[in-house]
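Colleague: This is the structure, below, for whatever I ask next.
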Amino acid sequence: MVVLKVFFPSCCSSAESGLLVGHWIPEQNSAVILAVVHFPFIPVQVKQYLSEVRQVTQVNVSVLGTWSNCKKKEESLSEFLEDLGTIFSHEPWIQLCKETDSKFWSCSIIQKHPSTPKEDEIILVYYDQRKVMLSHLHPPGNLTNSTDHKAEDASKLAILFDTVAKSKVLFMKDRYDDGPIKLTHWQSEGVEASIIVELMKQASIPVCMLLTFLLSFVSSVCKSRVLKFWPLCFIWSKLSTCEQLGHRLEHLQVISSNRKAQNQPQLMRKANIFVSLLADVALGILLMSWLYRKNRIGHLADTLIPVADHVAKELQDLLQWLMGVPAGLKMNRALDQVLGRFFLYHIHLWISYIHLMSPFIEMILWYVGLSACLGLTVALSILSDIIALLTFHIYCFYVYGARLYCLKIYGLSSLWRLFRGKKWNVLRQRVDSCSYDLDQLFIGTLLFTILLFLLPTTALYYLVFTLLRLLVVVVQGLIHLLVDLIDSLPLYSILLRLCRSYRLAAGVKFRVLEQKTGKPLRLLMQINPLSYGSVVQTYRLPTYSCYPKDSWGSLCKKLFLGELIYPWKHKGEKQD
Amino acid sequence: MEEREDCIALQCRQYSASCREFSVRCQPVQLRSLSAATCSVWLAAYWLFVLTQNSMVLSAAIFITLIGLIVYLHFVKIDQESLLVIASLGIQMTSSYASGKENTTFIEMSRVKDVVINEAIYMQKVIYYLCILLRDPLDPQSVSEVVPLFQ
């Protein structure tokens with residue numbers, strides 16, 4: 001038994017009698033009705049109009065049948081409608097009939113060459129034309145990968161949505177147009193348009209051109225040779241503020257380009273970037289107004305120096321503790337004193353530097369705070385950079401401790417090999433046996449013993465400074481995570497899903513309407529919106545930073561060996 | 001056509017020759033279990049209050065009870081699950097939660113390979129469940145996904 005499906009727009013249910021115009025999909029035995037043409041009409045003009053529409057929209061629109069909406073069955077009307085079948089020949093010819101007072105419609109199919117002797121079953125599916133036209137279907141899974149199977153496996157729903165979306169031209173004529181043909185579809189009461197949208201479209205062209213010009217100027221300044229000298233370019237690459245500003249510049253370039261978005265994902269991407277930028281700037285201005293009220297910047301600057309002093313004092317106390325008897329461990333006195341005094345002198349230098357800068361701090365902070373108007377993300381990146389600068393001495397200590405420990409570990413491992421009579425073969429990159437002379441063995445063993453007994457001291461210093469450094473890294477990482485979140489959240493898509501959920505469709509859902517035996521089955525097709533999780537996943541904006549490259553295992557190995565760790569590497573940076 | 005077991009009821013309806021609906025209904029939320037849970041949470045909170053003399057504990061308990069109830073009704077407790085089969089269109093699965101939320105999935109006929117009864121090991125016994133095998137778009141023979149029905 002063959003099932004014939006007729007997709008009927010719910011806006012045409014109250015239309016007056018006429019011809020059904022739409023698209024017939026033979027592979028799926030379904031007819032998509034797009035509009036109803038009313039009496040009086042001249043068949044030649046209807047055919048001409050339809051061929052014009054066919055050319056413009058690339059959709060095979062044709063007359064599929066007749067529609068009659070009358071109080072009771074009239075014999076003359078039904079004969080007239082059957083005669084129309086001979087003028088507009090279409091196989092099969094659908095005749096839909098509705099009595100004004102009843103909910104149930106009757107549908108009959110006339111086939112010139114019936115392929116099956118059995119009676120066809122007809123299913124009537126009502127759909128909301130406006131929503132289907134505006135919505136974008138997101139197929140589940142990875143259906144985008146298959147390009148060669150598209151013809152056979154293309155889902156019926158995708159074809160339906162496609163057909164309605166492409167037939168926009170058909171919906172441009174409304175009932176107030178003076179033309180030979182009168183149509184009924186979702187826009188027949190009047191074409192929908194918004195003055196604000198039209199004005200913005202007109203205004204956006206000069207604004208885009210101005211923005212493109214400004215951006216090209218700014219990017220040429222950034223790329224100029226002056227800023228590329230070695231110390232400066234090293235500093236720029238380390239500061240996360242510059243990365244963030246560069247990222248935002250790219251975004252602005254994407255928005256202000258003159259090319260129209262080709263397809264839906266590009267349009268959504270542009271809209272997302274635009275809304276995200278607006279939200280960012282709004283939050284930044286809010287933050288700025290909060291900071292500058294009641295002179296909070298002054299308070300912040302005043303507390304900064306005492307905080308730096310406090311941190312330095314804590315570090316000094318820590319070093320004194322290490323130089324004594326930390327946690328009951330007995331250190332080697334001489335090495336302990338040397339390392340401790342060296343680090344203490346370092347802290348003393350740092351404190352003097354901070355005190356030197358203190359009169360200018362407030363002014364610097366005031367001007368730097370102004371840049372928060374560029375966005376909350378920029379303000380957060382600046383905060384992260386300030387933290388990095390303030391804890392620079394911790395970073396230095398970590399590097400010293402790590403290098404010392406690393407040297408010690410390498411020395412120990414090489415001398416351990418000597419102990420066992422083996423050697424590292426650099427050419428073959430493997431461990432080979434080697435016969436040493438007696439004095440080589442003697443000196444090697446002596447050095448090994450010295451290094452081994454000095455190991456706990458160095459290891460303790462290394463441990464303490466690594467923990468401090470990891471703490472700072474974790475704080476910076478959290479700030480970067482927040483910046484990433486603000487950068488990549490597709491706000492426009494989420495708002496669209498909230499307010500106009502039919503625009504993002506994951507699929508459809510059917511509801512069975514009241515039935516009557518003998519009449520065709522009636523179903524209502526509604527759009528099933530995408531879930532919030534898949535909205536965020538589909539429309540995420542790409543960010544410039546990547547999560548820690550090292551797995552936990554390799555991180556622990558690096559820590560054990562004393563290699564320096566850089567857990568938050570950015571994309572595009574060269575690996576060392 | 002209705003069949004009843006102790007707490008789950010199955011109902012079949014045939015709308016027409018090509019359309020059938022099967023719905024499975026579960027027991028609604030019992031007043032007994034609800035009041036038992038609420039009383040136990042509040043007794044624990046009162047005991048903590050007596051220990052710590054901090055009235056925040058009581059308001060926190062009320063808050064937790066309300067939020068927990070809303071989350072349970074909206075995300076966990078399924079009232080009814082139904083399967084609508086429409087010939088040559090597809091299969092639609094709807095689950096409706098106790099708070100009225102409805103979750104619908106529609107699978108087109110072209111994606112359905114077969115409907116089978118599969119068995120799985122759950123805790124210490126083997127359970128049988130009905131599931132739909134979906135066709136893989138790249139390879140028409142293999143199965144890309146198994147969708148269990150009536151969770």
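Colleague: In debye, nearest 20, what is the charge dipole magnitude of the range A:191-280 about its Cα centre with +1 on Lys and Arg Cβ and -1 on Asp and Glu Cβ, if you could check? Could the numbers behind the result be given before it?
Modeller: Numbers: 10 positive and 5 negative charges, 84 e Å.
Around 400 debye, computed over the range A:191-280.
Colleague: Moving on to the next point. Normalised by the empirical 2.2 N^0.38 Å for globular proteins, what value does the Cα Rg of the range A:308-379 take? The partial results should precede the final answer.
Modeller: Numbers: Rg = 18.6 Å, N = 72, 2.2 N^0.38 = 11.2 Å.
Scaled against compact globular proteins, the figure is 1.66.
Colleague: Interface size between chain A and chain B, please: total buried accessible area, 1.4 Å probe, rounded to the nearest 100 Å². It would help to have the intermediate numbers written out before the result.
Modeller: Numbers: alone 34660 and 11120 Å², together 43970 Å².
Answer for the A-B pair: about 1800 Å² buried.
Colleague: In whole Å, what is the distance between the alpha-carbon centres of the range A:210-289 and the range A:329-369?
Modeller: The range A:210-289 and the range A:329-369 have Cα centres separated by 36 Å.
Colleague: Going by alpha carbons, how many degrees (0 to 90, nearest 10) lie between the helix axis of A:296-323 and the longest principal axis of chain A?
Modeller: Computed tilt is about 50 degrees.
Colleague: Also: At A:V536 and A:I205, where each label point lies 7 Å from the Cα along Cα→Cβ, what is the point-to-point distance in nanometres?
Modeller: Once both label points are built, they end up 4.0 nm from each other.
Colleague: What's the carbon and sulfur percent of the range B:31-77's accessible surface, probe 1.4 angstrom, rounded to a whole number? Could you put the intermediate results ahead of the total?
Modeller: Numbers: 3020 of 3730 Å².
Accessible surface attributable to carbon and sulfur in the range B:31-77 totals 81 percent.
Colleague: A follow-up question, please. Mind checking the per residue accessible area of chain A for me, 1.4 Å probe, whole number of Å²?
Modeller: Working: 33780 Å² over 576 residues.
I get 59 Å² per residue for chain A.
Colleague: Calculate one ³J(HN,Hα) per residue across the range A:437-450 by plugging θ = phi - 60° into the Karplus curve 6.51 cos²θ - 1.76 cosθ + 1.60, and present them in order as whole Hz with x for glycine and proline.
Modeller: 6, 5, 5, 4, 4, 5, 5, x, 5, 4, 4, 4, 4, 4
Colleague: Over the range B:31-77, how many percent of alpha carbon pairs lie in each 10 Å bin up to the one with the longest distance?
Modeller: Per 10 Å bin, starting at zero, the Cα-Cα P(r) for the range B:31-77 comes out as 27, 48, 22, 4 percent.
Colleague: Helix A:264-292: angle to the longest alpha-carbon principal axis of chain A, degrees 0 to 90, nearest 10?
Modeller: That helix lies at roughly 50 degrees to the long axis.
Colleague: Based on the alpha-carbon gyration tensor of chain A, what equivalent-ellipsoid semi-axes (square roots of 5 times the eigenvalues) come out, in whole Å, largest first? Provide the component values of the computation, followed by the final result.
Modeller: On the way: eigenvalues 1142, 194, 80 Å².
Result for chain A: semi-axes of 76, 31, 20 Å.
Colleague: Which order do the peptides B:61-68, B:76-83, A:295-302 come out in when sorted by mean C-beta neighbours inside 10 angstrom, highest first? The partial results should precede the final answer.
Modeller: On the way: B:61-68: 12.9, B:76-83: 16.8, A:295-302: 14.8.
Result, highest mean Cβ count within 10 Å first: B:76-83, A:295-302, B:61-68.
Colleague: Right, next: Counting partner chain Cβ atoms within 10 Å of every residue's Cβ in B:11-19, what's the average? Before the final figure, lay out the partial values.
Modeller: Details: counts 0, 0, 1, 1, 7, 10, 4, 6, 8.
Mean partner shielding for this stretch: 4.
Colleague: For helix A:392-419, what angle does its Cα long axis make with the longest principal axis of chain A, in degrees from 0 to 90 and rounded to 10?
Modeller: In chain A, helix A:392-419 runs at an angle near 70 degrees to the longest axis.
Colleague: Here is a further query. Based on the alpha carbon coordinates of the range A:1-73, what radius of gyration and maximum Cα-Cα distance (Dmax) apply, in Å?
Modeller: Cα-based Rg and Dmax for the range A:1-73 come out at 13.2, 39 Å.
Colleague: What size of dipole, in debye to the nearest 20, comes out for chain A about its Cα centre when the only charges are +1 on Lys and Arg C-beta atoms and -1 on Asp and Glu C-beta atoms? Please report the intermediate quantities before stating the final value.
Modeller: Numbers: 60 positive and 45 negative charges, 315 e Å.
Here chain A has a charge dipole of around 1520 debye.
Colleague: Next question. Which value results for Rg/Rh of the range A:191-280 when Rg is the Cα radius of gyration and Rh the Kirkwood radius based on the inverse mean 1/r? Provide the component values of the computation, followed by the final result.
Modeller: Working: Rg = 16.9 Å, Rh = 15.4 Å.
With Rg and the Kirkwood Rh in hand, the quotient comes to 1.09.
Colleague: Efficiency by 1/(1 + (r/R0)^6): what FRET value for A:N425 and A:L470, r their Cβ-Cβ distance, R0 = 25 Å, to the nearest 0.05? Could the numbers behind the result be given before it?
Modeller: Numbers: r = 36 Å, r/R0 = 1.44.
The value I calculate is 0.10.
Colleague: Additional query: Determine the dipole magnitude for the range A:243-298: charges of +1 sit on the beta-carbon of Lys and Arg, -1 on that of Asp and Glu, nothing else is charged, the reference point is the Cα centre, and the result goes in debye to the nearest 20. Show your work: numbers first, answer last.
Modeller: Working: 8 positive and 3 negative charges, 37 e Å.
Dipole size: approximately 180 debye.
Colleague: Which residues make up the longest stretch of chain A clear of GluC sites (Glu not before Pro) that lie in a DSSP loop with no more than 10 other Cβ atoms within 10 Å, not counting the sites? Write out the running numbers ahead of the final one.
Modeller: Working: sites that count: A:E27, A:E119, A:E192, A:E514.
Counting only loop sites that pass the neighbour cut-off, the longest clear stretch is A:193-513.
Colleague: Let me ask another. Which pairs break 32 Å Cα to Cα here: A:K5/A:K201; A:K5/A:K47; A:K5/B:K77?
Modeller: Values: A:K5/A:K201 40 Å; A:K5/A:K47 24 Å; A:K5/B:K77 36 Å.
Cα-Cα > 32 Å for A:K5/A:K201; A:K5/B:K77; rest within.
Colleague: Please name which of A:I361, B:V29, A:I109 has its Cα lying farthest along the dipole of the protein assembly as shown towards the positive end, using unit charges on Cβ (Lys, Arg +1; Asp, Glu -1) and the Cα centre as origin.
Modeller: The one lying farthest along the dipole's positive direction is A:I361.
Colleague: Another question, then. Show the residues, 5+ positions off or on another chain, whose built amide H is closer than 5 Å to the amide H of B:V112.
Modeller: Here the answer is B:R135, since their amide H atoms fall under 5 Å of that of B:V112.
Colleague: Same structure, new question: With the Cα gyration tensor of the range A:249-398 in hand, give its eigenvalues times 5 under a square root as the equivalent ellipsoid semi-axes, listed largest first in whole angstrom.
Modeller: Values: eigenvalues 419, 90, 28 Å².
Equivalent ellipsoid of the range A:249-398: 46, 21, 12 Å, largest first.
Colleague: In deg cm²/dmol, rounded to 500, what helix-only [θ] at 222 nm does chain A give when every DSSP H run of at least 4 residues adds -39500 (n - 2.57) and the total is split over its residues? Don't jump to the answer; show the numbers that get you there.
Modeller: On the way: 17 runs with 318 residues, N = 576.
Calculated mean residue ellipticity at 222 nm is -19000 deg cm²/dmol.
Colleague: Which whole number gives the average count of other chain Cβ atoms within 10 Å of the Cβ atoms across peptide A:505-518?
Modeller: Mean partner-chain Cβ count within 10 Å for A:505-518: 4.
Colleague: At a 1.4 Å probe, which residues in the range B:48-88 are at least 10 Å² less accessible with all protein chains present than in their chain isolated?
Modeller: B:L84, B:I86, B:A87, B:S88
Colleague: Let me ask something else. Could you check what % of the DSSP bridge pairs in the protein assembly as shown are antiparallel, to the nearest 5? Mind showing how you got there, number by number?
Modeller: On the way: 81 of 104 bridges.
Of all bridge pairs located within the protein assembly as shown, approximately 80 percent are antiparallel.
Colleague: So, one more: For A:L34, which sequence-distant residues (separation of 5 or more, or a different chain) have an amide H within less than 5 Å of its own amide H, given hydrogens modelled in the peptide plane?
Modeller: Sorted by chain and number, the residues that satisfy this are A:V21, A:G22, A:H23.
Colleague: Another question, then. Between B:D79 and residues 5 or more places away or on another chain, which pairs have amide H atoms under 5 Å apart, with H built 1.01 Å from N, and which residues are they?
Modeller: Amide H to amide H, under 5 Å and 5 or more residues apart or across chains, B:D79 pairs with B:S96, B:Y97, B:A98.
Colleague: Structure shown: which of A:K103/A:K509; A:K270/B:K101; A:K166/A:K270; A:K270/A:K558 lie over 30 Å apart, alpha-carbon to alpha-carbon? Kindly include the intermediate steps, with their values, before the conclusion.
Modeller: Details: A:K103/A:K509 21 Å; A:K270/B:K101 33 Å; A:K166/A:K270 22 Å; A:K270/A:K558 42 Å.
The pairs that break the limit, which is 30 Å between Cα atoms, are A:K270/B:K101; A:K270/A:K558.
Colleague: Using +1 at the C-beta of Lys and Arg and -1 at the C-beta of Asp and Glu, which of A:S352, A:L329, A:C434 has the Cα lying farthest in the positive direction of the dipole of the range A:323-443?
Modeller: Result: A:C434.
The values are calculated or read from the model by the stated rules, or taken from the named source; none is laboratory data. This one's a predicted model, so the numbers in the text were calculated from it and none came from an experiment. All Cβ positions, glycine included, derive from the backbone under ideal geometry; neighbour counts span all protein chains shown. Each accessible area value is taken on the protein alone, full model and side chains, heavy atoms only, with ligands, DNA and RNA left out. Shrake-Rupley method; radii C 1.70, N 1.55, O 1.52, S 1.80 Å.
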